[in-house]
Amino acid sequence: MKKVKDLKKWIELYNEVKAAADELQLAYEYVKEGIVSEEEVDAAYAKALELIENLEFRNMLRDEADQMSCVLKINSGAGGTESQDWASMLYRMYMRWAEANGYKVSVANYQDGDEAGIKTATLNIEGDYAYGYLKSENGVHRLVRVSPYNAQGKRMTSFASVFVTPLVDDTIEVKIDQAAISWDTFRSGGAGGQNVNKVESGVRLRYQFKDPYTGEEEEILIENTETRDQPKNRENAMRQLRSILYDKELKHRMAEQEKVEAGKKKIEWGSQIRSYVFDDRRVKDHRTNYQTSDVTGVMDGKIDGFIKAYLMEFAGTEK
């Protein structure tokens with residue numbers, strides 16, 4: 001049914017483009033006869049062009065993982081309160097983007113900052129192509145502004161990292177070594193009063209991962225405080241673990257493909273990707289050179305221009 005739904009969507013999009021192109025052709029012929037105005041022809045052209053560009057844009061998301069929901073994790077960088085405030089601003093930005101695009105968002109983990117902002121937050125963003133769109137956000141985001149937390153009013157630079165992985169559902173098999181898993185429980189934190197959870201419903205999953213290709217070992221740490229139900233939080237943590245392991249396999253395939261296609265541009269995961277310079281009214285992506293002066297709009301979740309520029313330039317290199 002999922003495959004049928006996907007194919008049906010492609011057919012609908014094609015029919016929309018075909019109808020707009022036919023309408024444009026008729027308008028072009030009618031304007032010569034004085035039946036329609038040039039403004040109406042221009043409007044028909046703009047509509048057809050927008051539909052074609054949207055179809056082309058969607059075609060950039062053709063990998064298996066692109067169609068999936070995603071897990072988006074934000075970590076504040078070094079710099080204390082300023083970086084933690086920047087992390088909370090990114091959190092708000094992605095929440096706004098998801099809401100505007102009709103995605104379902106749940107907060108899997110949220111840790112308040114020491115004075116303001118957040119130390120880390122993990123969002124599950126569920127809906128078609130969430131990973132395909134948001135994979136462009138993987139990396140370090142840099143903020144330059146006059147800090148409200150600096151008494152001298154100095155211009156400061158802050159960093160926060162964003163990690164995006166496909167949210168693997170139960171239909172995808174991922175091999176997990178049960179012997180490599182250990183669990184801790186803890187009380188969910190909060191601002192105090194009624195928000196403090198007096199039962200240890202929060203779970204911490206530690207997974208001793210050994211890379212099957214390089215033999216390197218690392219510990220994967222996942223915390224989940226999404227609900228007050230410990231078994232449910234365990235289930236959610238395992239779902240995130242499957243997503244992380246799937247993403248590692250995906251990155252390995254990408255790395256192998258890059259070796260074969262060495263002439264193509266290489267995208268470094270985890271490198272500084274975008275700068276947000278508030279006092280200069282500028283947000284610039286360093287990979288595509290796409291930039292905008294609408295800083296307020298970007299921080300309100302209007303990041304589609306950055307996503308589109310990234311996919312149009314790099315989507316073909318990620319197969």
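The values are calculated or read from the model by the stated rules, or taken from the named source; none is laboratory data. Because the structure is predicted, anything quoted here is derived from the model rather than measured. Cβ atoms come from the backbone with ideal geometry, glycine included; neighbour counts cover every protein chain shown. Calculation scope for accessible area: heavy atoms of the full protein, side chains included, ligands and nucleic acids excluded. Shrake-Rupley method; radii C 1.70, N 1.55, O 1.52, S 1.80 Å.
Remarks
- Per-region count, region 84-108, residues in contact (Cβ under 8 Å) with a residue 60 or more places away in the chain, farther than 14 Å from I303 by Cα and surrounded by 21 or more Cβ atoms within 10 Å (Cβ to Cβ): 4
- Flag if E173 is within 24 Å of Y207 (Cβ to Cβ), surrounded by fewer than 20 Cβ atoms within 10 Å (Cβ to Cβ), among the charged types (D, E, K, R) and modelled with pLDDT under 90: yes
- Some residue of region 97-108 being more than 10 Å from the chain's Cα centre (by Cα), closer than 24 Å to Y290 by Cα and not polar (S, T, N, Q): yes
- For region 112-154, the candidate set comprises residues that are over 14 Å from A98 (Cα atoms), among the aliphatic types (A, V, I, L, M) and within 20 Å of the chain's Cα centre (by Cα); within that set, the residue that is surrounded by the fewest Cβ atoms within 10 Å (Cβ to Cβ) is V140.
- Flag for D247 being acidic (D, E), modelled with pLDDT under 95, part of a helix (DSSP H, G or I) and touching a strand residue (DSSP E or B) at 6+ places or on another chain (Cβ under 9 Å): yes
- Qualifying positions in region 54-74 - outside any helix (DSSP H, G or I) and open to solvent by 40 Å² or more (accessible area, probe 1.4 Å): R62, K73
- Test result for E38, open to solvent by 40 Å² or more (accessible area, probe 1.4 Å) and either within 30 Å of E126 (Cα to Cα) or in contact (Cβ under 8 Å) with a residue 24 or more places away in the chain (or both): no
- Test for V71: is it β-branched (V, I, T) and under 18 Å from Y110 (Cα atoms): yes
- Odd one out for V71, checked against (1) over 21 Å from K302 (Cβ atoms); (2) at pLDDT below 90; (3) of a type in the set (A, V, I, L, M, F, W, C); (4) within 20 Å of the chain's Cα centre (by Cα): (2)
- Single residue of region 197-214 satisfying the filter (more than 19 Å from T122 (Cβ to Cβ) and at pLDDT 90 or above) that is surrounded by the most Cβ atoms within 10 Å (Cβ to Cβ): Q208
- Residue in region 76-83 that is at pLDDT 95 or above, open to solvent by less than 40 Å² (accessible area, probe 1.4 Å), at negative phi and not aliphatic (A, V, I, L, M) present: no
- Criterion violated by A87 - all others in (1) modelled with pLDDT under 90; (2) of a type in the set (A, V, I, L, M); (3) under 19 Å from the mean Cα position of the chain (by Cα); (4) within 30 Å of A116 (Cβ to Cβ) satisfied: (1)
- Cβ separations smaller than 8 Å between residues 6+ apart or across chains give the following pairs from region 1-30 residues that are open to solvent by less than 80 Å² (accessible area, probe 1.4 Å) to residues that are outside any helix (DSSP H, G or I): A27/V36.
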